[in-house]
Amino acid sequence: MSQLIRPSTEQTRWDEEADVIVVGLGVAGAAAALEASSAGADTLVIERAGGGGGTSAMSGGVIYLGGGTRLQKACGFEDSVEEMFKYLMASSGPSPDEAKMRLYCEGSVELYEWLLAQGVPFKEVHHFGVSGEPPNDDGLVFSGSERHHPFCDIAMPAPRGHVPAKTHQAGPLLMQKLIEAVEASPAGVRTNHRCTRLVQEPSGEVTGVVAQVFGEERSLRARRGVILTTGGFIHNDAMLEAHAPLARACNVRIGAEGDDGSGIQLGMAAGADVLHMDAVSISLPANQPWSLKRGVLVNEQGQRFVNEDSYYGRLGEAALLHNGGRAWLIVDDEIFEKPTYPREVAAVGETVAELERELGLPAGSLEATLGLYNRHAEKSEDPVFRKLPEYVQPLTKPPFGAFDCTTENSIYAAFTLGGLRADVDGRVLDPAGDPIPGLYAAGRATSGLSVGSYSSGLSLGDGAFFGRRAGRTAGLA
């Protein structure tokens, strides 16, 4: 049997017991622990680091919620479950899980109220002009491509990025409040416990875990179930090479050290199926500040390939996965502005032809692209990619410049989206679609809401929502 599994027949003693053991204390783990404990289960959380938080505490703290939350209404925005559902089904990659998406949208308002009940504060102010966390403590932002083609024609746009009231980076505040809630609950927490094996019965039921604690081994029995909330695999080069090799070209890997795929591997060793292991979120913040959306993003053929006003996750996916990470943002002197994120000017030219030569693009390609673009931009139109009129203007004032948006000279931030196959209640499934008794999972250790494309806040929202469902299911088992 795999070294990741200890047969129950070889398990001679238990160092500690609980009804439910949660592995990992990020947003999904905290949510799972709180719900399992609320269901009356004796709950124990083990965390490999010296404290909880994980990648969730490193994040900007944006949580994707909608359907008419109290915050949306306070900021003057209308939204509905159906509009949120239509947008997410269209924008979250090929064939997202419709059942999970429907439940998430229907439960989004309640999830927001639950977060408030855990002490997470939100300032009832909408901030316009960013795609992720705002530069202040405003509570609501557009965090995806809701306003932009093609999604604005599919669903009524509404801002759904809910951000805890903390300037610049709200992830630490979010996790501080959730960890405080866990500590105030009956659940126990054991830090510096790295789960290395699952204990499994001959029948397939998972009945405990083995953890390394400062070089010593501890065995922990789970009477009702084990919940894996261990994160994704962005820090595992071997897994990336096998499933998402292009992500290795990204120079920023978003994830705590524990996002090494260990929980996914544990689940697979116990017989779990996995889904969408090739799915990654790739962010290219080329249009920050938003005024740079007036530029034109071209590939190495000198052609546009996306509407430049899109969410920067959509830009990154289009640039890396479909154009090999070869991209430049073309601007003229009229719209030139210093980017929010460090980015070099790759070339400058007094004419478009000169800029084209400096970039080494095919002769006439950039001239043709800008010629077509400018002709329609005179009327504030973009019939090719349908960029919003407010970001469409002719690029005609020299000098012309190109910001370097290639993978080697620009920020490409990546994290994984694929993972264990789990049902809507967090039960981990085998390749036949049957639950593995005693094994549950949530968060980035699973294949969740987004299966190829992304909107900021889906990971935290997904982790909290389905972490709660996994905790409740295991706690009542």
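The numbers here are math on the coordinates, done by the rules we state, and not lab data. What you see is a predicted model, and the numbers here were worked out from it, not measured in a lab. A quick note on method: Cβ atoms are made from the backbone with ideal geometry, for glycine too, and the neighbour counts reach across all protein chains shown.
Summary of computed values
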{"read-out": "Normalised contact order of the chain, rounded percent, pairs of Cα under 8 Å and 6 or more residues apart", "value": "24"}
{"read-out": "Part-to-part distance (alpha-carbon centres) for the range 308-335 and the range 103-145, which is given in Å", "value": "27"}
{"read-out": "CD proxy at 222 nm, helix term only [per DSSP H run n ≥ 4: -39500 (n - 2.57); per residue of the chain; nearest 500]", "value": "-7500 deg cm²/dmol"}
{"read-out": "Protection proxy ranking of 156-168, 399-411, 447-459, 367-379 - average other beta-carbon atoms within 10 Å, highest first", "value": "447-459, 156-168, 399-411, 367-379"}
{"read-out": "Gly438 long-range amide H proximity, modeled H, under 5 Å", "value": "Val206"}
{"read-out": "Nearest 10 degrees, 0 to 90: helix 81-91 Cα axis against the chain principal axis", "value": "70"}
{"read-out": "Relative contact order [Cα under 8 Å, 6+ residues apart], the range 20-71, whole percent", "value": "40"}
{"read-out": "Among 330-338, 420-428, 26-34, the order from most to least packed when residues are scored by Cβ within 10 Å on average", "value": "26-34, 420-428, 330-338"}
{"read-out": "Residues listed by number, the range 267-290, amide nitrogen under 15 Å from Ser95 label point at 7 Å toward C-beta", "value": "274-279"}
{"read-out": "0 to 90° range, to nearest 10: angle between helix 365-377 axis and the chain longest Cα axis", "value": "90"}
{"read-out": "Low-density loop positions, chymotrypsin sites (Phe, Trp or Tyr not before Pro), the range 1-99 - DSSP coil, at most 15 other Cβ in 10 Å", "value": "Trp14"}
{"read-out": "Rounded to 5, percent antiparallel among DSSP beta bridges of the chain", "value": "60"}
{"read-out": "Mean Cα-pair separation over length for the range 367-420, i.e. relative contact order, pairs under 8 Å, 6 or more apart, %", "value": "24"}
{"read-out": "Cα-based helix-to-principal-axis angle, 27-38 vs the chain, degrees rounded to 10", "value": "40"}
{"read-out": "Order by protection proxy (mean Cβ within 10 Å, highest first), peptides 222-232, 241-251", "value": "222-232, 241-251"}
{"read-out": "Computed magnitude of the charge dipole of the chain (debye, nearest 20; Cβ of K, R +1, Cβ of D, E -1)", "value": "560"}
{"read-out": "Cβ-placed point charges (K, R +1; D, E -1), dipole of the range 285-404 about Cα centre in debye, nearest 20", "value": "340"}
